[in-house]
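Let me begin by presenting the structure, written as structure tokens, before commenting on it.
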Amino acid sequence: MSTLTIVLPTYNEGESIYSTLKEISECAETLNLKTEIYISEDGSKDNTRSEVLRANKDCKTEIKLSEVSE
């Protein structure tokens, strides 16, 4: 089975990233797609990181967080 890889660059997306990741995960599960999501977190000043980590615990889809620093 092929894998669908999604890359999402983020910056201050704390308000919406959790629901976005849940929707992607649920859609992939419904379509029976093996999916992995890579989050490129670019130094957000809000709770983006913690929301990504929360989604990683709650979703069946593999979510990987890469934090970009200067």
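Tabulated data
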{"quantity": "Subset tally (residues that are polar (S, T, N, Q) and over 11 Å from the mean Cα position of the chain (by Cα)) for segment 38-49", "calculated": "2"}
{"quantity": "Per-region count, segment 53-68, residues open to solvent by 30 Å² or more (accessible area, probe 1.4 Å), of a type outside the set (S, T, Y) and under 21 Å from L4 (Cα atoms)", "calculated": "8"}
{"quantity": "Search result, residues across segment 38-52 that are surrounded by 15 or more Cβ atoms within 10 Å (Cβ to Cβ) and part of a helix (DSSP H, G or I)", "calculated": "T48, R49, E51, V52"}
{"quantity": "Scan of segment 13-25 for residues that are touching a residue at least 24 places away in the same chain (Cβ under 8 Å) and open to solvent by 50 Å² or more (accessible area, probe 1.4 Å), ordered by number", "calculated": "E13, E15, K22"}
{"quantity": "Complete set of residues in segment 26-37 that are open to solvent by less than 60 Å² (accessible area, probe 1.4 Å) and over 9 Å from the mean Cα position of the chain (by Cα)", "calculated": "A28, T35"}
{"quantity": "Criterion: part of a helix (DSSP H, G or I) and either touching a strand residue (DSSP E or B) at 6+ places or on another chain (Cβ under 6 Å) or modelled with pLDDT of 95 or more (or both) - qualifying residue of K64, K22", "calculated": "K22"}
{"quantity": "Some residue of segment 4-12 being of a type in the set (V, I, T), open to solvent by 50 Å² or more (accessible area, probe 1.4 Å) and assigned to a strand (DSSP E or B)", "calculated": "yes"}
{"quantity": "All positions within segment 25-37 that are of a type outside the set (D, E, K, R) and part of a strand (DSSP E or B)", "calculated": "T35, I37"}
{"quantity": "Long-range neighbours under 9 Å by Cβ, at least six apart or interchain, first residue without any contact (Cβ under 8 Å) to a residue 60 or more places away in the chain and over 15 Å from P9 (Cα atoms) within segment 48-70, second of a type in the set (F, W, Y) and surrounded by 13 or more Cβ atoms within 10 Å (Cβ to Cβ)", "calculated": "R54/Y18; A55/Y18; D58/Y18"}
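The values are calculated or read from the model by the stated rules, or taken from the named source; none is laboratory data. Being a predicted model, the structure only gives us computed values, none of them experimental. Cβ atoms come from the backbone with ideal geometry, glycine included; neighbour counts cover every protein chain shown. Quick note on the areas: whole protein, heavy atoms, side chains included, nothing else; ligands and nucleic acids left out. Shrake-Rupley method; radii C 1.70, N 1.55, O 1.52, S 1.80 Å.
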